[in-house]
Amino acid sequence: MTSASVSAGTSLFTPVSLGDIELANRVVMAPLTRMRSGPSGVPGGLMIEHYRQRASLGLIVTEGVYSSHEAQAFVGQPGIVTDEQVAGWRRVAEAVHARGGRIVMQVVHAGRVTHPDVNGGRRVLAPSAIAVSGEGHTEKGKQSYPVPRALTVAEARTVLDDFVAASRRAIEAGLDGVEIHAANGYLLHEFLAPASNRRTDGYGGTPTNRARFVVEVVTAVAKAIGAGRVGLRISPERNIKDVLETDRGDVLATYGHLLDQLSPLGPAYLSVLHEELRGGLVQELRRRFGGKLMANSGSSSITSREEAAGLIEAAHADVVAVGRAALANPDLVERWQGEHAENEPRPALFYTSGAEGYTDYPSFHADRA
Ligand SMILES: Cc1cc2nc3c(=O)[nH]c(=O)nc-3n(C[C@H](O)[C@H](O)[C@H](O)COP(=O)(O)O)c2cc1C
């Protein structure tokens, strides 16, 4: 089993290994959904260029990629289900690798955060039949989220098999690994929290039971592709999409159990999204996990160079996941290393289509040209 290896005073710009994956530096591109894959969910030329441009980050975590057609959360989201999707991702991986970069795929099941007008008229599934409030973007405009159907145990098994198959396909496509998405209110996160999981079977009730499905999914994926290529993302206490986690004792019991179970496998990393990264909860979860911590504060202000460098230098994390700054600066590592000015992200273009606000953020050297 790996142990947290970062020591005080370590620089953001030093190499590090996450399981089987060797990174040239500790600045990781956080998963960023951009909805630019069209109805086929196949990564095309623009997406390949977007990721290619960002290959100098120590590691790219792709946007959330659906693990089955039913699992799709957004219009224009890429998948890893069809042969065409695998071929598209192979081109992405080759482009990143050609520039010396590393890339893992974030694999996700939407759970209740989708609609039949997003996932091709298929079922909407969740641990319990409780709808998330609010509306989501669908092919027919904004619509309320439907009441999901509670998964049977047999259906949960199929979802698990889909995660495994998707992860195998990601490796087949040449990616360096996968990140299982158990954060931000989607299916796996819904299992963890009492507000979205009211089950009375072995997957609900106690913290141990609520953690069970995520343990099973990560264990099965690790068995299929090797634990050294598997990361896990969690966002305890984020209180997002009605997945409320307001009882610190329960959170610690649930996530502590989850990580106690996963620790002996030795997964590549644990990615934690939490406002208080230096605080007791995150550092306790890191201790229970015993491996490499990828940190992201996810606050309303974007991750800055100072915050990222401070986390590594103080040994509060092994690597830092950076979202909006990486979105707006393809050459973020060079800019941070040289303490150069940064492009500002343009949020109005986060979820649009085309090159604008996607592949047209200039690199620093282009600025000067
Ligand atoms: C446009 C956008 C898309 C995002 N998509 C995802 C996603 O697909 N999966 C995920 O786990 N987090 C997603 N996030 C959250 C980011 O990974 C990250 O946690 C957040 O941006 C906060 O970090 P930052 O301050 O460095 O931007 C997204 C955030 C943004 C702004």
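Yes/no per residue for (1) under 18 Å from the mean Cα position of the chain (by Cα); (2) over 17 Å from Thr138 (Cα atoms); (3) among the aliphatic types (A, V, I, L, M):
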| residue | (1), (2), (3) |
| --- | --- |
| Ser7 | no, yes, no |
| Ser37 | yes, no, no |
| Ile48 | no, yes, yes |
| Ser56 | no, yes, no |
| Glu63 | yes, yes, no |
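Are there helices (runs of 4 or more DSSP H) fully within region 301-368 with at least 3 residues that are under 23 Å from Arg286 (Cβ atoms) and either in contact with a Phe, Trp or Tyr (Cβ under 6 Å, 6 or more places away or on another chain) or open to solvent by 40 Å² or more (accessible area, probe 1.4 Å) (or both)? List them. First the steps, then the outcome.
Working: elements: 305-313, 324-328, 332-338, 364-368.
Qualifying helices (runs of 4 or more DSSP H): 305-313.
What are the pairs, 6+ residues apart or on separate chains, where a residue within region 320-332 that is farther than 19 Å from Val16 by Cα has its Cβ under 8 Å from a residue that is modelled with pLDDT under 95 and near the ligand (Cβ under 7 Å from one of its atoms)? If the second residue must be modelled with pLDDT under 95 and near the ligand (Cβ under 7 Å from one of its atoms), the pairs left are Gly323/Gly298.
Residues in region 170-190 that are crowded, with 24+ Cβ neighbours inside 10 Å and either away from the ligand (no atom under 16 Å from the Cβ) or farther than 23 Å from Val272 by Cβ (or both): 1 in all. Could you please give the count of residues in region 1-32 that are surrounded by fewer than 17 Cβ atoms within 10 Å (Cβ to Cβ), part of a loop (DSSP other than H, G, I, E, B) and at pLDDT 95 or above? Of the residues in that region, 4 qualify. For region 308-319, the set of residues classified as in contact (Cβ under 8 Å) with a residue 40 or more places away in the chain, within 14 Å of the ligand (Cβ to nearest atom) and more than 16 Å from the chain's Cα centre (by Cα) consists of Ala308, Ala309, Ala317, listed by residue number.
Here Val221 fulfils each of the conditions (1) more than 16 Å from the ligand (Cβ to nearest atom); (2) more than 18 Å from the chain's Cα centre (by Cα); (3) not in a loop (DSSP other than H, G, I, E, B) apart from (2). For Thr254, the test of being out of contact with any Phe, Trp or Tyr (no Cβ under 9 Å at 6 or more places or on another chain) and away from the ligand (no atom under 16 Å from the Cβ) is passed. Looking at region 257-307, which of its residues are among the hydrophobic types (A, V, I, L, M, F, W, C) and more than 11 Å from the ligand (Cβ to nearest atom)? Listed by number, the residues that qualify are Leu258, Leu259, Leu262, Leu265, Ala268, Leu270, Leu277, Leu281, Val282, Leu285, Phe289, Leu293. Counting the residues of region 320-343 that are of a type in the set (D, E, K, R) and more than 14 Å from the ligand (Cβ to nearest atom) gives 4. So Thr219 passes all but one of these: (1) open to solvent by 40 Å² or more (accessible area, probe 1.4 Å); (2) in contact with a Ser or Thr (Cβ under 7 Å, 6 or more places away or on another chain). Which condition number does it fail? For Thr219, the failing item is (2). Within the bounds of region 193-207, is there any residue that is under 24 Å from Leu259 (Cβ atoms) and touching a Phe, Trp or Tyr at 6+ places or on another chain (Cβ under 7 Å)? Within region 193-207, one or more residues are under 24 Å from Leu259 (Cβ atoms) and touching a Phe, Trp or Tyr at 6+ places or on another chain (Cβ under 7 Å). Scanning region 166-214 for residues being aliphatic (A, V, I, L, M), assigned to a loop (DSSP other than H, G, I, E, B) and within 29 Å of Val42 (Cα to Cα) gives a total of 3.
The values are calculated or read from the model by the stated rules, or taken from the named source; none is laboratory data. Predicted model only: the values in this text are computed from it and were never measured. With ideal geometry, Cβ positions are generated from the backbone for all residues, glycine too; neighbour counts draw on all protein chains shown. Note: areas computed on protein heavy atoms with side chains; ligands, DNA, RNA excluded. Shrake-Rupley method; radii C 1.70, N 1.55, O 1.52, S 1.80 Å.
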